[in-house]
Amino acid sequence: MPDSTNASPLYITMHDSDNVAIVANNGGLPAGTVFPCGLALREQVPQGHKVALVDLPAGSAVRRYNVPIGYALKDIPAGSWVHERLLKMPDARELDNLPISTVRPEPAVPLEGYTFEGFRNPDGSIGTRNILAITQTVQCVAGVTDFAVQRIKAEMLPRFPKVDDVVALEHGYGCGVAIDAPDAIIPIRTLRNISLNPNFGCEVMVVSLGCEKLQPERLMPPGTIPLVDERNVADVGTSGESKLDVVCLQDDAHVGFMSMVESIMRQAEEHLERLNARQRETVPASELVVGVQCGGSDAFSGVTANPAVGFCTDLLVRAGASVMFSETTEVRDGIDQLTSRATTPEVAQAMIREMAWYDAYLKRGSVDRSANTTPGNKKGGLSNIVEKAMGSIVKSGSAPISNVLAPGEKLRHKGLTYAATPASDFICGTLQLAAGMNLHVFTTGRGTPYGLAQVPVIKVATRTDLARRWHDLMDVNAGTIADGTATIEQVGWELFQLMLDVASGRKKTWAEQWKLHNALVLFNPAPVT
Ligand code: CA
């Protein structure tokens with residue numbers, strides 16, 4: 001990979017009307033550096049940080065991505081380092097008088113002929129992996145379930161070579177919570193819909209404690225599980241009427257810890273047999289359900305990796321696939337861009353409803369969206385949430401936004417969806433799993449080893465330096481865009497092809513190879529008791 005340390009000084013602007021740019025060179029640039037345009041640095045500027053292209057008088061708008069990302073708190077001469085301490089953050093855009101469905105792009109040319117090898121499920125969805133997931137109603141059963149899962153993997157999985165993994169859906173919910181609070185629907189439907197993720201083949205089995213608030217029938221009401229066949233009816237620990245396969249640890253039949261473990265293993269075997277009988281088949285790329293998000297962002301996120309993901313998002317939409325972008329606090333400042341791209345006024349109103357709900361949720365906790373940025377974001381050159389948001393929205397590409405999901409809801413539409421979630425990597429990933437993603441794309445600039453046990457996670461590095469140091473964690477290097485050795489389009493196509501390979505099981509992501517699995521973290525805005 002090229003090292004830009006010795007390359008000629010380079011800055012990157014995102015729009016012709018921008019009056020700041022970011023320094024691209026690895027290691028930053030020293031005071032006195034003169035760019036080819038004649039601009040001279042008045043001070044040292046770290047990589048990814050902003051330089052003033054013109055004199056910025058106190059009070060003037062500092063523009064990046066063609067929007068004001070802040071207002072100068074004092075006079076900033078051309079060539080200065082423009083860091084967060086020099087900027088006043090703009091107020092959040094009001095949620096009224098927004099442009100509604102004003103962008104009417106020409107219909108995109110369909111992208112045809114692309115396929116992958118996936119697992120067809122009884123409910124019509126397509127899995128990219130063949131995993132036995134064990135649902136848990138409550139955290140209390142996590143230790144017992146994990147013990148059983150370790151034995152299943154060691155003693156049983158070798159007999160079922162077509163099954164990729166056995167995963168316990170561990171979480172912190174289920175009891176000690178205000179289960180009847182209106183917002184409790186969010187964690188409950190999240191857990192329900194994760195159990196039905198396409199990578200689990202509609203083989204739902206539940207481990208319950210017995211006395212918990214979130215009873216199995218409340219988690220999975222009758223009719224929520226697509227019937228695989230009659231053997232899906234089991235009655236371990238529950239009334240014979242239940243269609244749900246439940247192992248209840250407090251059941252009188254369990255005498256001793258090992259009898260609980262053996263119940264879980266016995267039930268798991270039935271599901272493993274059915275999962276093992278499945279074959280991959282060729283399906284169109286339109287069966288991909290892709291969740292995109294970013295984490296550990298820097299100023300290059302919005303310059304390299306996110307634009308490449310955005311290009312790929314457009315390819316996926318043209319191929320008829322489903323793509324979700326999320327992270328409410330990171331798109332809130334671009335709400336006018338999003339409502340203008342909505343296909344219908346109803347879609348725009350749904351977005352506004354989700355943003356308003358989130359504004360109120362943050363206000364209840366006496367914060368606003370500015371609580372989002374991290375010390376690492378700022379060290380990486382992102383001054384505030386407005387600048388971070390402009391770089392984050394780019395992941396959504398340019399396709400019309402045709403659908404909106406509330407947190408924990410299941411996706412039922414093709415095309416581009418705004419799935420409302422917090423920006424927290426684990427909570428966003430958990431909610432996109434519930435929506436039914438079968439492939440996850442994650443961009444990072446500071447670097448995070450993020451991964452999920454339930455779906456493959458393709459990680460895209462924003463900088464060549466990160467891709468080089470984390471060569472066995474990053475799947476795609478979008479830093480080549482800043483280096484000038486690849487275009488956004490080239491990296492976008494590389495990602496698209498890699499997605500088809502990973503979805504088909506022909507390639508594994510680094511997170512899969514190392515089994516890097518972050519926890520499921522349910523979004524619970526309701527009270528804990
Ligand atoms: Ca995130």
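The values are calculated or read from the model by the stated rules, or taken from the named source; none is laboratory data. All of these numbers come straight from a predicted model, not from anything done at the bench. Every residue, glycine among them, receives a Cβ derived from its backbone with ideal geometry; neighbour counts consider all protein chains shown. These accessible areas exclude ligands, DNA and RNA; they are computed on the full protein's heavy atoms, side chains included. Shrake-Rupley method; radii C 1.70, N 1.55, O 1.52, S 1.80 Å.
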Please work out if Glu170 is out of contact with any Ser or Thr (no Cβ under 6 Å at 6 or more places or on another chain), at pLDDT below 95 and open to solvent by 60 Å² or more (accessible area, probe 1.4 Å). no
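Here's the yes/no breakdown for (1) surrounded by fewer than 17 Cβ atoms within 10 Å (Cβ to Cβ); (2) part of a strand (DSSP E or B); (3) of a type in the set (Gly, Ala, Ser):
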residue	(1), (2), (3)
Ile22	no, yes, no
Gly27	yes, no, yes
Gln47	no, no, no
Val51	no, yes, no
Tyr71	yes, yes, no
Is there any pair linking a residue in the range 421-432 that is at pLDDT below 95 to one that is more than 9 Å from the ligand (Cβ to nearest atom), with Cβ under 8 Å and at least six apart or on different chains, and which? none
Scan the range 405-433 for residues that are over 19 Å from Arg104 (Cβ atoms), aliphatic (A, V, I, L, M) and away from the ligand (no atom under 16 Å from the Cβ) and report the count. 3
For the range 78-91, what are the residues that are surrounded by fewer than 17 Cβ atoms within 10 Å (Cβ to Cβ) and out of contact with any strand residue (DSSP E or B) (no Cβ under 7 Å at 6 or more places or on another chain)? His83, Arg85, Asp91
Close pairs (6 angstrom Cβ cut-off, 6 or more residues apart or separate chains): open to solvent by 60 Å² or more (accessible area, probe 1.4 Å) in the range 100-114, part of a loop (DSSP other than H, G, I, E, B) anywhere: Tyr114/Ala319
Options Gly436, Gly376; residue that is more than 14 Å from the ligand (Cβ to nearest atom) and either farther than 14 Å from Glu327 by Cα or open to solvent by less than 40 Å² (accessible area, probe 1.4 Å) (or both): Gly436
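For the range 469-482, give me each residue that is of a type in the set (D, E, K, R) and closer than 22 Å to Trp493 by Cβ.
Asp475 - this is the single residue of the range 469-482 that is of a type in the set (D, E, K, R) and closer than 22 Å to Trp493 by Cβ.
Here's the yes/no breakdown for (1) of a type outside the set (Asp, Glu); (2) open to solvent by 10 Å² or more (accessible area, probe 1.4 Å); (3) under 13 Å from Leu433 (Cα atoms):
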residue: Ile185; (1), (2), (3): yes, yes, no
residue: Asn197; (1), (2), (3): yes, no, yes
residue: Phe200; (1), (2), (3): yes, no, yes
residue: Glu203; (1), (2), (3): no, no, no
residue: Ser208; (1), (2), (3): yes, no, no
residue: Lys213; (1), (2), (3): yes, yes, no
Which is within 24 Å of Ser125 (Cα to Cα) and either touching a helix residue (DSSP H, G or I) at 6+ places or on another chain (Cβ under 7 Å) or open to solvent by 10 Å² or more (accessible area, probe 1.4 Å) (or both), of Leu473, Leu498? Leu498
Looking at (1) loosely packed, with under 13 Cβ neighbours inside 10 Å; (2) farther than 27 Å from Asp333 by Cα, which is the only condition Pro57 fails? (2)
Return the total of residues in the range 413-464 being within 25 Å of Asp165 (Cβ to Cβ) and among the small types (Gly, Ala, Ser). 8
Pick from the range 439-458 the residues that are among the small types (Gly, Ala, Ser) and in contact with a helix residue (DSSP H, G or I) (Cβ under 6 Å, 6 or more places away or on another chain): which of them is nearest to the ligand (Cβ to nearest atom)? Gly445
Assess whether Val303 counts as being surrounded by 24 or more Cβ atoms within 10 Å (Cβ to Cβ) and closer than 19 Å to Ser402 by Cβ. no
For Gly415, all conditions in the list (1) more than 15 Å from the chain's Cα centre (by Cα); (2) within 25 Å of Ala453 (Cβ to Cβ) hold save one; what is the number of the exception? (2)
Checking the conditions here, which among Gln490, Gln497 is at pLDDT 95 or above, more than 20 Å from the chain's Cα centre (by Cα) and under 22 Å from Phe311 (Cβ atoms)? Gln490
Of the residues that sit in the range 384-404 and are of a type in the set (A, V, I, L, M, F, W, C), modelled with pLDDT of 95 or more and away from the ligand (no atom under 16 Å from the Cβ), which one is nearest to Val455 (Cα to Cα)? Val404
Go through (1) over 17 Å from Asp298 (Cβ atoms); (2) not in a helix (DSSP H, G or I); (3) not small (Gly, Ala, Ser) one by one and return the number of the condition Thr443 breaks. (1)
Every residue from the range 242-265 that is touching a residue at least 12 places away in the same chain (Cβ under 8 Å), among the charged types (D, E, K, R) and open to solvent by 40 Å² or more (accessible area, probe 1.4 Å): Lys243, Asp251
Name the residue, out of Gly143, Gly118, that is exposed (fewer than 15 other Cβ atoms within 10 Å of the Cβ) and either touching a His at 6+ places or on another chain (Cβ under 8 Å) or not in a loop (DSSP other than H, G, I, E, B) (or both). Gly143
